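A.B. asks: Could you have a look at this structure, given as structure tokens, before my questions?
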Amino acid sequence: MSPALLIARRELYAYFRSPLAAIVIAGALLADGIYFYWKGLSEKLLSAEVLQEFFYGHSGAVAIASLFIAMRLFAEERQTGTMTLLNTAPIRDIEVVLGKFLSAFAVLTLLTLLSVYMPLLIFINGKVSLGHIAVGYLGATLYGAATLSIGLFASAVARSQVIAVILGAVMLVPLVLLWIIARATDPPLNSFLNALAIHHENYRAFMMGLLELDKVVYYVIVTFFFLLAATKSLEARRWR
Amino acid sequence: MIEIRDLYKYYGGRRAVGPVSATIEPGEVVGLLGLNGAGKTTTLRVLACDLLPSAGSVTVDGLDVVDSPHEVRARTGYLPDSPPLYGEMKVDEFLGFAARLRGVSGDVDKHVREAVEKTALKKVESQLISTLSHGFRQRVGIAQAIVHNPKFVVLDEPISGLDPRQIVEMRKLVRRLGGDHTVLLSSHILSEIEATCDRLLVIRDGEIIASGSEEELTSRTEGVRLEVTVRGDEAAARAAIVAVDGVDEVASVEADESGENVNSFSVTARDDVRADICQALVSGGVGVLAIGRGERELESVFLELSQDADDAEQKGATA
């Protein structure tokens with residue numbers, strides 16, 4: 001077994017031996033369900049619009065959940081002194097980062113899978129394409145991977161789990177709100193800021209069931225960037 | 001073999017360690033002795049490839065810690081001052097994880113069984129680590145350091161926080177590790193270093209100020225320290241001891257045992273004059289309860305070495 005998978009397996013074990021994963025998943029699903037009922041089922045909307053509302057609400061639940069899922073990844077190891085075990089093992093820092101990311105991503109994917117009943121409810125009184133659902137979930141998964149990588153980076157540089165969540169939010173919120181700044185700016189800056197915003201235009205396509213390659217590439221790049229930043233921060237600690 | 005040449009480690013602009021130079025032969029149990037904040041942990045972290053050196057070189061079996069960190073880590077087992085344990089795992093599960101993490105392939109269970117046997121963890125191997133006592137947690141910490149059968153074992157304060165029975169067991173365990181492994185352990189407790197190590201490195205303010213066996217270090221001090229306990233008049237006893245040829249200094253210390261008219265002295269002499277002191281006391285009508293070499297001889301050496309370094313520093317500053 002590769003070191004990354006070995007670490008991912010241990011991290012998953014840790015997630016489900018503690019109540020953290022269950023609490024975060026339950027909380028996110030509750031918030032997701034309330035939003036879906038409030039915006040999607042209480043108003044007269046077309047089935048496709050209901051599905052869009054679901055994916056909009058689900059993205060919020062995923063973003064918040066990802067920060068809480070990621071907060072323990074490195075900050076807890078540092079607090080309990082177990083980071084030394086990984087630091088002194090003959091494995092590369094990128095393998096440690098990947099292993100931790102994979103485990104947290106598996107938890108986030110479980111959250112996403114458990115939300116499937118909500119879009120399926122639409123079939124009771126309406127009709128949506130399975131392709132729309134699949135693309136929406138692909139977007140939510142990619143968005144989740146990106147927000148998770150931000151949370152992971154925050155955990156890699158923070159001294160405690162609380163600081164990791166706060167730092168993750170401090171990085172994520174401006175990235176989400178870039179589209180507001182974009183509205184107040186002129187071309188071509190507004191286009192650039194919109195393209196950089198982690199949610200607005202990049203996520204909307206998936207919500208509407210449109211699979212666009214540039215949006216997929218955007219989320220992959222954001223995820224890669226923050227995982228690389230986390231790796232470099234681990235490497236830098238050895239020189240301090 | 002481990003070779004350290006002019007090792008320096010800086011935290012920002014502050015020198016934590018350096019210059020440190022030392023050679024550790026295969027199979028040796030070497031103690032790194034120093035007060036808190038002397039640079040012991042930083043030195044050990046560099047040797048375990050947890051930190052990278054700011055300058056100088058450290059090689060393990062000819063492999064440099066900067067150029068070949070993976071190879072060095074695979075040959076090294078490290079127990080930091082706080083054992084790195086996952087409380088939610090069982091002992092055998094954790095050791096299996098540690099073995100795989102350190103590159104053990106094939107029969108991982110065999111490696112775990114051997115580590116469990118060496119560290120006497122059999123009766124708790126199926127227990128959750130979070131439920132273990134401090135002594136057992138420390139042993140699991142050592143087990144994870146040796147589970148991949150490394151050539152070089154680094155133990156940072158392995159007896160810290162243990163009760164007297166656990167300390168005795170830990171001493172035996174560390175002694176057993178010597179031979180199969182090269183062991184470097186740190187402590188600020190002199191009795192531990194004396195009891196477990198073949199050789200000592202004394203570190204102060206990040207620098208090695210002395211190295212050698214206990215005998216070699218104690219022979220560096222001038223004279224011999226003796227402890228004398230008598231029953232009788234203090235002034236008469238002191239006069240009898242001072243009159244002995246070769247005695248330089250006599251100081252009253254707190255009596256080692258209770259009882260009426262019991263007095264203890266710390267004696268500094270040019271040679272081992274125990275027989276002469278005994279004879280003088282008996283001739284002077286003073287009852288001798290105990291007379292022996294100072295138990296804290298190494299401690300005085302250590303303090304003397306630290307003082308020498310302080311004096312040298314002050315001279316350098318005034319020059």
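A.B. asks: What's the number of the only condition in (1) farther than 15 Å from residue B:155 by Cα; (2) within 14 Å of chain A (Cβ to nearest Cβ); (3) β-branched (Val, Ile, Thr) that residue B:59 fails to meet?
C.D. replies: Failed condition: (2).
A.B. asks: Which one is most open to solvent (accessible area, probe 1.4 Å), of the residues in the stretch A:1-42 that are part of a helix (DSSP H, G or I), within 14 Å of chain B (Cβ to nearest Cβ) and hydroxyl-bearing (Ser, Thr, Tyr)?
C.D. replies: Once the filter is applied, the top-ranked residue is A:13.
A.B. asks: If a residue has to be part of a helix (DSSP H, G or I), more than 17 Å from residue A:71 (Cβ to Cβ) and hydrophobic (A, V, I, L, M, F, W, C) to count, how many in the stretch A:89-101 make the cut?
C.D. replies: 2
Okay, residues lined up against (1) within 17 Å of residue A:238 (Cα to Cα); (2) under 24 Å from the mean Cα position of the chain (by Cα); (3) within 14 Å of another protein chain (Cβ to nearest Cβ); (4) open to solvent by 40 Å² or more (accessible area, probe 1.4 Å):
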site	(1), (2), (3), (4)
B:51	yes, yes, yes, no
B:72	yes, yes, yes, no
B:78	yes, yes, yes, no
B:84	no, yes, yes, no
B:90	no, no, yes, yes
B:103	no, no, yes, yes
B:109	no, no, no, yes
B:135	no, yes, no, no
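The values are calculated or read from the model by the stated rules, or taken from the named source; none is laboratory data. The shown structure was predicted, so the numbers you read here are calculated from the model rather than taken from an experiment. Backbone-built Cβ (ideal geometry, glycine too); neighbour counts: all protein chains shown. Areas reflect the complete protein model, heavy atoms only, side chains present, ligands, DNA and RNA absent. Shrake-Rupley method; radii C 1.70, N 1.55, O 1.52, S 1.80 Å.
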